[in-house]
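Report on one structure; see the data block that follows.
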Amino acid sequence: AELGDAAFNHDDWMWEPKLDGYRVLAFIDDTGIKLRSRRGLELAAEFPQLAAELAKQAAPMILDGEIVAFDAGGKPSFNALQNRAPTVVFYAFDLLYFAGVDLRKTPYRDRRRYLAQCLLPSPLVQLVHATEDGEALQRAAAASGLEGVIGKRKDSNYEAGRRSSSWLKIKSTDSAEFVIG
């Protein structure tokens, strides 16, 4: 996702909360479960309970999602995740492959519908919330202390390995990047 200024409401866009965790691709098939980070690290061995839960899915699939741990107050916590919280949840937000069909060129609106129909949710595997009301979700995310929101054009393809203006990341707090030398 490219960085945006503020969420908005438009018929062509859907919005999801931005969760603070490990972004992973979950490869699920009859040979086992692979959880690959953006940097290509294999994480299934670090989260065996989650891998076992993902193995219960009904068909071979590739999910894009976030592994999230929660603090004592119930908020997503990257610190808890890094300290290997005993329980983590995989939040699926995209379906790239299902039962032999490559869905990456399929519009987001359809991938989202297929994901909602194909994912078998459980306490450890959840479908991330999505809404057309980006402004309300951004306010709720900020009030809840979440990292922000992600906007996705309904007609967008899945563009692996590159940033796209079809997905926008809106942070709850203003920040800047600095180089300290």
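The values are calculated or read from the model by the stated rules, or taken from the named source; none is laboratory data. As the structure is a prediction and not an experimental result, all values here were calculated from the model. A quick note on method: Cβ atoms are made from the backbone with ideal geometry, for glycine too, and the neighbour counts reach across all protein chains shown. Note: areas computed on protein heavy atoms with side chains; ligands, DNA, RNA excluded. Shrake-Rupley method; radii C 1.70, N 1.55, O 1.52, S 1.80 Å.
Take the Cβ atoms of A142 and Q49, set R0 to 25 Å, and the FRET efficiency comes out at 0.20.
Using just the helices of the chain, give the 222 nm mean residue ellipticity in deg cm²/dmol: DSSP H runs with n ≥ 4 each add -39,500 (n - 2.57), and the total is spread over all residues, rounded to 500. Here the helix-only value at 222 nm equals -5000 deg cm²/dmol. Using a probe radius of 1.4 angstrom, the carbon and sulfur fraction of the accessible surface of the range 60-110 is 53%.
Would you mind computing Rg(Cα) / (2.2 N^0.38 Å) for the range 97-143, counting N as its residues?
With N residues counted in the range 97-143, Rg over 2.2 N^0.38 Å equals 1.43.
For the range 35-181, lysine pairs separated by 8 or more sequence positions, or belonging to different chains, with Cα-Cα distances below 22 Å total 9.
Measuring nothing but how far apart in sequence close Cα pairs (under 8 Å, 6+ apart) lie, relative to its length, the range 29-181 scores a relative contact order of 18 percent. Solvent exposure of the chain, expressed per residue, is 55 Å² of accessible area, with all protein chains present and a 1.4 angstrom probe.
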